[in-house]
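The values are calculated or read from the model by the stated rules, or taken from the named source; none is laboratory data. Predicted, not measured: the structure shown is a model, and the values here were computed from it. Glycine gets a Cβ as well: all are built from the backbone with ideal geometry, and neighbour counts include every protein chain shown. Protein only, heavy atoms only, side chains kept; ligands, DNA and RNA dropped before computing areas. Shrake-Rupley method; radii C 1.70, N 1.55, O 1.52, S 1.80 Å.
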Amino acid sequence: MAMNNVTKKFDKARDKLGLDGDEQVLAGCLTDPKAAIGMAAGGVAGVAVQSALRARKEAGAPPAQGAAATWPAGRNLMAITSKRVVVAKMSQMSGRPTEVLAWWPHSDIVRFTVEKRATGYPFEVTFADGSIARDEGGKGTGADRLGEVAASIWR
């Protein structure tokens, strides 16, 4: 199955992920798509590429604090549901969500902004405690819907 329908993948795995019966999956995407560049290189070279990308991403950024510190790093799947934001570990073989790494109810988030770029959809999640998590949604994985869905929840 193509990676492009992350929303459908969350919906199919709802019982495994512990989503409530009345919880609707509104949008979803792959996070940190550039992590795949290092994985494609493989071996020692892949680790070096991932390390360099991570260092570049973190350069100049203050260490995450508060709720933002709980945002899982790396290549995962993320969904905005009718009740919360969920980040799940992704199966390397099937691309399906396998387990919830973290989640936050809508009330813990005060703003969710998404920017469209040529290579992806960088986004910022501002939590009620003032901390900010930054990540990027992968092109072709549903990230194009994040901005619209987020705007309908966090006005």
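How high is the FRET efficiency between Glu124 and Met93 when r is their beta carbon distance and R₀ equals 25 Å, given to the nearest 0.05?
After rounding to 0.05, the efficiency reads 0.20.
Once R0 is set to 25 Å, what does the formula 1/(1 + (r/R0)^6) return for the Cβ-Cβ distance between Asp144 and Gln65, expressed as a FRET efficiency to the nearest 0.05?
Calculated value: 0.25.
Given a Förster radius of 35 Å and the C-beta distance between Asp20 and Arg117 as r, what FRET efficiency does 1/(1 + (r/R0)^6) yield to the nearest 0.05?
Efficiency, from the Cβ-Cβ distance: 0.55.
Provide Rg over Rh for region 98-155; use the alpha carbon set for both Rg and the Kirkwood Rh (inverse mean inverse pair distance).
0.97
Could you tell me the relative contact order of region 76-155? Use alpha-carbon pairs under 8 Å, at least six residues apart, and round to a whole percent.
That works out to 22 percent.
Find how much the distance from Asn5 to Ile153 grows on full extension, using 0.36 nm per residue of separation minus their present alpha carbon separation; answer in nm with one decimal.
Answer, rounded to one decimal: 51.2 nm.
Listed here are the pairs Lys34/Lys89; Lys12/Lys34; Lys89/Lys139; Lys34/Lys83; Lys89/Lys116; which of them are more than 20 Å apart at the Cα?
Lys12/Lys34; Lys34/Lys83; Lys89/Lys116
Sorted by mean Cβ packing within 10 Å, highest first, what order do the peptides 80-93, 98-111, 137-150 take?
137-150, 80-93, 98-111
Can you give me the accessible area per residue for region 70-125, using a 1.4 Å probe, in Å²?
Accessible area per residue, region 70-125: 49 Å².
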